[in-house]
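*Asks:* There's a structure below that I have some questions on.
The values are calculated or read from the model by the stated rules, or taken from the named source; none is laboratory data. Worth saying up front: this structure is predicted, and the values here are computed from it rather than measured. Note that each Cβ is placed from the backbone with ideal geometry, even for glycine, and that neighbours are counted across all protein chains shown.
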Amino acid sequence: MAGRHGNTVTKLVLLGVGMFGFAFALVPLYDLLCDVTGLGGRTGGAYAYEPAKAEVDTSRLVKVNFVANTNDGMPWQFWGETPTVRVHPGELTEVKFYVKNPTDRAMVGQAVPSVAPNAAAEHFHKTECFCFERQILQPGEELEMPMRFFLAPELPKYVQSVSLSYSLFDITELAAAERTRPEA
Amino acid sequence: MSAVIETHHDDHHHGPGKGITRWLFTTNHKDIGTLYLWFSFIMFLVGGAMALVIRAELFQPGLQFVHPEFFNQMTTNHGLIMVFGVIMPAMVGLANWQVPMMIGAPDMALPRLNNLSFWILPFAGGLLVSTLFMDGGGPNFGWTFYAPLSTTYAPPSTTFFIFAVHLLGASSIMGSINIIATILNLRAPGMTLMKMPLFVWTWLITAYLLLAVMPVLAGAVTMMLFDIHFHTSFFNAAGGGDPVMFQHVFWFFGHPEVYILILPAFGVVSQIIPTFARKPLFGYDSMVYAVASIAFLSFIVWAHHMFTVGMPLAGQLFFMYATMLIAIPTGVKVFNWVSTMWRGSMTFETPMLFAIAFVVLFTIGGFSGLMLAITPVDFQYHDTYFVVAHFHYVLVPGAVFGIFAAVYYWLPKWCGRMYDEAMGRLHFWLSFIGVNLTFFPQHFSGLAGMPRRIPDYSIQFADFNMWSSIGAFIFGFSQLILLYTVIKTIKSGEPASDRVWDGAHGLEWTLPSPPPYHSFTHPPVVTDAEAHS
Amino acid sequence: MNVKAIMRATLGAALVVAAACGYADELNMRVGVTEVSESVYGLHMLILYICCGIGVIVFGAMAYSIYHHRKSRGAVAAKFHENTRLEIFWTVIPTFILVGMAIPATQVLIKMYDTGGEDMTVEVRGYQWKWQYKYLDENRNNTLSFFSSLATSQDEIHNKAIKGEHYLLEVDNPLVVPTGKKVRLLVTANDVIHSWWVPDFGVKRDAIPGILNDIWFIADEPGIYRGQCTELCGKDHGFMPVVVRVVPEDEYRDWYSAQSAAYTEREAMARQTFSPDELMTMGEQVYTKVCSTCHQANGQGLPPVFPAISGSPVATGPRDAHIAAVYNGRPGTAMQAFSAQLNAAELAAVIHYQRNALGNSVGDVTQPVDILNWAAAQ
């Protein structure tokens, strides 16, 4: 390339390459933003609950309803034991979910949680959840899955009902692809 | 600002080569500009034909001509072709022709790169169009290709679509590097940045925008490619990804992209109005600052395309306020154009007619843009024909009229022959009527509740759609007048003078018509009469 | 020629405006029936008037200039090319106007975000290409769930029959809600992104797989309100309307118990045995409603994306594989697991129909019990 433009061109190419990298950097940046702001109803990972330190706000009851769905033609049956509970913020609560694989093959499932409204997501803390890991179910196998959570007492006062949905996806193929990747 | 100009071409003859090799191997900015413009015009006819398929299907309620699956391929490819195959190449073509002549340079800074960035285009365009003939059909997920419709649920041809986008992006990035290098390094002595014609300014800023966001688009389609073929989960909720993130990445590219399409047209209009008003551009400095602030704001407003996905309240408010701010610099530009016309001595040749129509109709598109910025009201407008009307008002009588104006304005300079004014005016009036008849009723169908991207609609929208389709056919077929007029000019137009327009100022008008093969072999003297001061 | 042309254009524009005023109601945004939709309408009109005002000033100045400052009228160009005071003026004034718009817009948006204090909750789930409504009752045995698909006939769409008044805006099972109650909707999707919109409620929200969004409305006026899916979701994006029926509360309660009863009855049907003719009739109905959009009414499909049923190895091969395909769907394609949408009787009927009609003649009979047995064996 013409020598006297070399300097300009080098800088511009670096800018282009940098922006290509930036597109990929947006992925962790976006995850961070979601975790901080509850964007997309993300609820974050396992949370420690220390009964000694827990402050329970008995002055208000928040309605929490649960929605369990299978997505994308996932043939498993998936349901919750309780559609709705009423909880005091800060109080640890357990609800049970059930899942059954009615097919004749072993399958892998992954439940994806989402909380509405957005403003409640960052205050919805799960101490134990089947969504932290994937489920592997043999043909006909049924599983009881407990989920424990509490709402942070910082939950804004105007939030009177919170909904948590689990979308159960079939990730059998995805999991198989991951297993073969190291050899490939 | 080093401005030692020498001829440093790799081809040692000082004139065009012979036959097809002239065009294949050319490194000349004028030849490449010509190639870009013809490519763009051909794609304009292809994308336009797709628009006519869409409008024919929508002429009446019910399914008449095409299957919904094919209809979706038409809307998708129409959008992609018009954005990446028509407006962007046409603007680069104009830059190729004009930037060296306007800043007093012999050619573009990187002539071989210039050849490469053009010749990628026909392959990319061909690849994109060829997907329509592949098994399972072409891309059918809209030009915004939201995941998971464009990943998990996409037709197999999506892989080729991704490669086509990569190629188009590579071409644009190379083109922008070349334009920036030319503007920064090849200006004639005395052509300071704040003396540059506005067309050069808008292109400098556009090129930086392109360089900043085309790689982000490349990143987004690369992630799609990985999701489709390598079992990653960037946008797949099942594997821990997020389909909404696709929209954020896409619109981080997409919003600056719409300014990439319109800014050079701002530049064209800012050249033409002073010429035909015979009066200097009003508020040159504020025009430059306005373009720069529009470019800056374009990076922080992307989520206004996604108000309905469900963001926290604070996010909605931020993007609403930031979007509303864009109205201020845009308003400044419109006020400046009107003030340039004010107390001028105006004549209304074809370029001026297109430029005036640009100001009026682009402003109408700006008004609907402001309405769309208001989040609570956007919930009603979002993804309806109101949005279709809005962006077609800024892109067709905006960007496309800007290109038409530029072609009529500079064609006599390029080929040394005058176009037929009567034909030019006929083209203008038919286009003007066609465009408004097509897109104005779409505001009403949108407000009445018609969603976009549907092949059939309920009977209450029938009248609007019929008018819209009639307008589209008028607009579409009047473009053949442009083709005829341009060919006639090249073959048998009356000889044009060097200055062409009596109010024209700028270095390009000091060259003979047509200009020599290498524009300025010796750096010109930049006088106050030829530069903004 | 120019002046004449401009005059003609102006006349044309004036006619359009005059005609527009005659149809003002059809041409404008709908006021709607909720407090939110009314405030949105007010906001829309406010901004529209401001834009029109600015438009009159800017275009008026242009028109004046185009008429008076033309060379043919002997105008001589002035020399001015800047005026700092003027430029500051037209930067500052629009800023104030924008602030004036932002304040009411912010107020309306805050009101829209107040989803608490609801009287009832319904989950809205987008499917390619229908909606599912699940009433979330606190009593688990009292929940109600149904699908809502386009009711317009294929004949109307293909211009073989006269189009009805609500062409493309009618469904088999609308969402039913009581008047005056705050209805909270949880919006999500099964496959791709959809968007649930009822213009008269001023409510639109994307339905995104894996993500839950919430919106609300209170409709005081009984009536039927119609909208459409507004996010491109594939082939039949234009054919998945939203219909909401708002009824007085007692009527709503009657409807709810009748629906629950019908739901239980449909479940009971799954334990009956049908004659082949009954299966064919019921199967054709289910096929037309559920299968024909992809596999086509004649069973020829749209290969390669939507395979044919006629002569298909699945529909003419072993029955268990056929049941498995319909029951569990084909992950990663538009073929859903219909066990979630159809009961055993409907599944049996449609499988019987596919095996013995559309050019296929396997000759076997599929009963609801066969489906149940197959499922139990899994």
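*Asks:* Can you run down the residue pairs with Cβ atoms below 8 Å, 6 or more apart or on separate chains, where the first is in the range A:18-47 and more than 7 Å from chain B (Cβ to nearest Cβ) and the partner is surrounded by fewer than 19 Cβ atoms within 10 Å (Cβ to Cβ) and in a loop (DSSP other than H, G, I, E, B)?
*Replies:* Close Cβ pairs satisfying both conditions: A:35/A:44.
*Asks:* Would you point out the residue of the range C:103-128, among those that are surrounded by fewer than 16 Cβ atoms within 10 Å (Cβ to Cβ) and of a type in the set (Asp, Glu), that is nearest to the other protein chains (Cβ to nearest Cβ)?
*Replies:* C:114
*Asks:* Out of the residues in the range B:63-114 that are among the aromatic types (Phe, Trp, Tyr) and farther than 17 Å from residue B:453 by Cβ, which is nearest to the other protein chains (Cβ to nearest Cβ)?
*Replies:* B:84
*Asks:* Then there's this: Starting from residues that are within 12 Å of chain C (Cβ to nearest Cβ) and under 14 Å from the mean Cα position of the chain (by Cα), keep the ones in the range A:121-139 and report whichever is nearest to residue C:374 (Cα to Cα).
*Replies:* Selected residue: A:131.
*Asks:* Another question, if that's okay. Quick check on my filter: what residues within the range C:81-102 are more than 30 Å from residue C:40 (Cα to Cα) and either facing another protein chain (nearest Cβ under 7 Å) or in a helix (DSSP H, G or I) (or both)? If you could, list the steps in order and put the result at the bottom.
*Replies:* First pass over the range C:81-102, keeping only residues more than 30 Å from residue C:40 (Cα to Cα): C:81-89.
Within the range C:81-102, C:81, C:82, C:84, C:85, C:86, C:87, C:88, C:89 qualify.
*Asks:* Tally time: how many residues in the range C:129-159 are charged (D, E, K, R), within 18 Å of residue C:289 (Cα to Cα) and either more than 10 Å from chain B (Cβ to nearest Cβ) or loosely packed, with under 15 Cβ neighbours inside 10 Å (or both)?
*Replies:* 2
*Asks:* Residues to consider are C:193, C:211, C:215; find the one that is touching a helix residue (DSSP H, G or I) at 6+ places or on another chain (Cβ under 6 Å) and on the phi < 0 side of the Ramachandran plot. Don't jump to the end; show me each part of the working.
*Replies:* Numbers: C:193 fails: touching a helix residue (DSSP H, G or I) at 6+ places or on another chain (Cβ under 6 Å); C:215 fails: touching a helix residue (DSSP H, G or I) at 6+ places or on another chain (Cβ under 6 Å).
None of the others qualify; the one that does is C:211.
*Asks:* In addition: Looking at (1) out of contact with any Gly (no Cβ under 9 Å at 6 or more places or on another chain); (2) closer than 30 Å to residue B:420 by Cβ, find the lone condition where residue B:478 falls short.
*Replies:* Looking at each condition in turn, residue B:478 falls short on (1).
*Asks:* Quick one: count up the residues across the range B:470-504 that are among the basic types (Lys, Arg) and part of a loop (DSSP other than H, G, I, E, B).
*Replies:* Counting residues in the range B:470-504 that are among the basic types (Lys, Arg) and part of a loop (DSSP other than H, G, I, E, B) gives 1.
*Asks:* Okay, next question. Residues B:295, B:303: which one is under 17 Å from the mean Cα position of the chain (by Cα) and within 30 Å of residue A:36 (Cα to Cα)? Can you show your working first?
*Replies:* Details: B:303 fails: under 17 Å from the mean Cα position of the chain (by Cα).
Going through B:295, B:303 in turn, just one is under 17 Å from the mean Cα position of the chain (by Cα) and within 30 Å of residue A:36 (Cα to Cα): B:295.
*Asks:* Filter the range B:437-474 for residues that are closer than 17 Å to residue C:198 by Cβ and polar (S, T, N, Q); which is nearest to the other protein chains (Cβ to nearest Cβ)?
*Replies:* Selected residue: B:458.
*Asks:* Does the range C:194-218 hold any residues that are buried (at least 24 other Cβ atoms within 10 Å of the Cβ) and in a loop (DSSP other than H, G, I, E, B), and which are they?
*Replies:* Once the filter is applied, which keeps residues that are buried (at least 24 other Cβ atoms within 10 Å of the Cβ) and in a loop (DSSP other than H, G, I, E, B), the range C:194-218 yields C:202, C:208, C:210, C:211, C:212.
Residues checked against (1) under 24 Å from residue C:98 (Cα atoms); (2) surrounded by fewer than 24 Cβ atoms within 10 Å (Cβ to Cβ); (3) in contact with a strand residue (DSSP E or B) (Cβ under 6 Å, 6 or more places away or on another chain):
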| position | (1), (2), (3) |
| --- | --- |
| B:344 | no, no, no |
| B:376 | yes, no, no |
| B:428 | no, no, no |
| B:435 | no, yes, no |
| B:438 | no, no, no |
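*Asks:* Kindly indicate which of B:318, B:354, B:276 is touching a strand residue (DSSP E or B) at 6+ places or on another chain (Cβ under 8 Å) and not acidic (Asp, Glu).
*Replies:* Being touching a strand residue (DSSP E or B) at 6+ places or on another chain (Cβ under 8 Å) and not acidic (Asp, Glu) holds for just one of B:318, B:354, B:276, which is B:276.
*Asks:* Let me ask something else. How about the range B:355-435: which helices (runs of 4 or more DSSP H) wholly inside it have at least 3 residues that are within 12 Å of chain C (Cβ to nearest Cβ)?
*Replies:* B:375-381, B:385-394
*Asks:* What pairs can you find where one residue is in the range C:317-343 and within 20 Å of residue C:192 (Cβ to Cβ) and outside the structural domain of residue C:130 (by TED's automatic domain parsing), the other is of a type in the set (Lys, Arg) and outside any loop (DSSP other than H, G, I, E, B), and their Cβ atoms are less than 9 Å apart, with a gap of 6+ or different chains?
*Replies:* That search, which allows pairs on different chains as well, returns C:341/C:130.
*Asks:* Of the residues B:331, B:398, B:344, only one is within 16 Å of the chain's Cα centre (by Cα) and not β-branched (Val, Ile, Thr); which? Reasoning before the result, please.
*Replies:* Numbers: B:331 fails: within 16 Å of the chain's Cα centre (by Cα); B:344 fails: within 16 Å of the chain's Cα centre (by Cα).
Going through B:331, B:398, B:344 in turn, the sole match is B:398.
*Asks:* Quick test of your reading of the structure: residue B:14 fulfils all but one of (1) modelled with pLDDT of 95 or more; (2) out of contact with any Asp or Glu (no Cβ under 9 Å at 6 or more places or on another chain). Name the failing condition by number.
*Replies:* (1)
*Asks:* Let me ask something additional. Scan the range B:96-110 for residues that are more than 15 Å from residue B:510 (Cα to Cα), assigned to a loop (DSSP other than H, G, I, E, B) and in contact with a Leu (Cβ under 9 Å, 6 or more places away or on another chain) and jot them down.
*Replies:* Scanning the range B:96-110 gives B:107, B:108, B:109.
*Asks:* In the set C:225, C:287, which member is in the same structural domain as residue C:135 (by TED's automatic domain parsing), of a type in the set (Phe, Trp, Tyr) and either out of contact with any strand residue (DSSP E or B) (no Cβ under 9 Å at 6 or more places or on another chain) or surrounded by 15 or more Cβ atoms within 10 Å (Cβ to Cβ) (or both)?
*Replies:* Exactly one residue qualifies, and that residue is C:225.
*Asks:* Collect the residues in the range A:107-134 that are under 16 Å from residue A:65 (Cβ atoms), outside any helix (DSSP H, G or I) and of a type in the set (A, V, I, L, M), keeping them in residue-number order.
*Replies:* Answer for the range A:107-134, where residues must be under 16 Å from residue A:65 (Cβ atoms), outside any helix (DSSP H, G or I) and of a type in the set (A, V, I, L, M): A:115, A:116.
*Asks:* Helices (runs of 4 or more DSSP H) wholly in the range C:285-343 with at least 1 residues that are modelled with pLDDT of 85 or more and within 12 Å of chain A (Cβ to nearest Cβ) - which ones?
*Replies:* C:319-328
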